[in-house]
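Below: one structure, written as structure tokens.
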Amino acid sequence: MPKRSADSRLSRRRFLSLSSTAAAALGIAPLAGKPSESFAEDHPSPDDYYAKLGVAKIINAAGTYTYLTAACMPPQVQRAVAQAALHPVRLKDLQLAAGEYIAKKLRCEAAVVTSGASAALTLATAACVASANGASPQEIPENVDKMKNEVVVQKAHRYEYDHAMLLCGAVIKEVVTLEDYKRALSPKTVMTNFFNAAASGPDGAQIDRETWLRVAHDHGVPCHYDAAADMPPIENLWTYTGMGFDLVCFSGGKGIRGPQNAGLLLGKKHLIDLAVANNNPNSDAVGRGMKVAKEQIVGMVAAVDWLLEQSDEKNQAEYMRLTDIVVDAVKDVPTMKTRVFMPPIANHVPHLLLSYNPSVVGLTPQQVQEKLRAQTPSIELNPATGTSSRNGIPSDENTIVISTWMLQPGEAEIVGRSLRTTLMNTHA
Ligand SMILES: *Cc1c(COP(=O)(O)O)cnc(C)c1O
């Protein structure tokens, strides 16, 4: 696995296993009494562009956040990416074949690899605009204001990805009640969007997904379902299309652990065909700037193959084992209370909540977060740390939040030790 400490250990082990002549032949400088611990840091491989660029590698105790580059690809996906880089192909051939392969594996009519869930939402919107109006890719977004152009969304499902739909010139119509919804579905409606993770919760939406889908279909309107961060469980990759949602998007670089700039749009064949028509490499199409390189298309397919060999039970047990390592390290910090929370929908993995009294310990969770970020190796805690404003995770100003599923071997121990040292060394 490509990770900071594994990298260092690996290169160290590889180095130590070479005779000095072999090392000399390979142009590796001798250790010359230097502590081996710092070797990989001081002499990064010439291909290590993070080191060359001076960009800190982090330990991700936060989760699959885009701003933290989300997941790392499993070795078999990395190998597929490297293989794909060796030869050019015809991009459309690859896009088509990848889509057909994924559709078969994920039990839907059709699929397309997109440059992420956000791009999938844009292509879904373009497909629905095209379907409702017979519009050509060239007309989107320029002429969309003169067409059927409305997307119906529950008020509680408005989110930071609305932009992906607006890009097509669509107009969003907000609804709250079922009555609103029925009224809003008009001859101008081209699609609906349902944000899965906002489906439940205290200020959640009034209309559940079965009702949402049935009413839209009664009006002949296609439904897009945003399930970007909604794997695990693995079966979600076919649950929502199986329910009848016309289009479903997933992020490729989050739980699926494909390339970060890849994603999936799954769904009905006639709509996926229209999404493809609005996608690159076609010019003069809204998806022209959302290109996925051959390496990442192959990586996305390989990630799907990898995922289908996984077991949710085994993965969750491993995330819990890592969570327990952190709990063990911090459990005797004064006033510490630990608990594990599993979000029911989206990022459905253990989140460790470490609650304590900052005036006893001497540091607030946000101060701890800053300290761990500033140290080497730099550790990123979950952004819900020290705040109650991240919906979905029941945190507060006295709580540190950790998610272990993106940790690589050996890192849970480092996170536990760093937390313990930071929290124990503070009170005077
Ligand atoms: C992450 C996310 C996206 C965007 O996914 P990308 O693959 O980064 O484009 C869209 N919707 C939701 C709900 C997400 O969590």
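Answer yes or no: is there a residue in segment 400-410 that is of a type in the set (A, V, I, L, M) and farther than 15 Å from ASN60 by Cα.
In the first step, residues of segment 400-410 are kept if they are of a type in the set (A, V, I, L, M); the result is 400-402, 406-407.
Right, trim to farther than 15 Å from ASN60 by Cα and you get none.
So far as segment 400-410 goes, no, none of its residues is of a type in the set (A, V, I, L, M) and farther than 15 Å from ASN60 by Cα.
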Looking at the structure I just gave you, is VAL81 open to solvent by less than 50 Å² (accessible area, probe 1.4 Å), more than 16 Å from the ligand (Cβ to nearest atom) and at pLDDT 95 or above? yes
Pairing a residue in segment 64-76 that is at positive phi with any residue that is within 15 Å of the ligand (Cβ to nearest atom) and open to solvent by 60 Å² or more (accessible area, probe 1.4 Å), where Cβ atoms lie under 9 Å and the two sit 6 or more apart in sequence or on different chains, gives THR69/GLN260; ALA70/GLN260
If you check GLU150 against the conditions, is it within 16 Å of the ligand (Cβ to nearest atom), charged (D, E, K, R) and closer than 29 Å to ARG288 by Cα? no
Against the condition surrounded by fewer than 18 Cβ atoms within 10 Å (Cβ to Cβ) and over 19 Å from the mean Cα position of the chain (by Cα), how does ARG390 come out, does it pass? no
So LEU266, is it over 23 Å from ALA62 (Cα atoms), in contact (Cβ under 8 Å) with a residue 60 or more places away in the chain and among the hydrophobic types (A, V, I, L, M, F, W, C): yes
For segment 291-309, how many residues meet the condition of being more than 13 Å from LEU94 (Cβ to Cβ) and not aliphatic (A, V, I, L, M)? 3
Just wondering, is there one or more residues in segment 120-128 that are surrounded by 17 or more Cβ atoms within 10 Å (Cβ to Cβ), within 16 Å of the ligand (Cβ to nearest atom) and of a type in the set (Ser, Thr, Tyr)? yes
Take VAL215 and tell me if it is in contact with a Ser or Thr (Cβ under 7 Å, 6 or more places away or on another chain) and either away from the ligand (no atom under 15 Å from the Cβ) or part of a helix (DSSP H, G or I) (or both). no
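The values are calculated or read from the model by the stated rules, or taken from the named source; none is laboratory data. Everything quoted here is computed from the prediction, not taken from an experiment. Every residue, glycine among them, receives a Cβ derived from its backbone with ideal geometry; neighbour counts consider all protein chains shown. All accessible areas refer to the heavy atoms of the entire protein, side chains included, with ligands and DNA or RNA removed. Shrake-Rupley method; radii C 1.70, N 1.55, O 1.52, S 1.80 Å.
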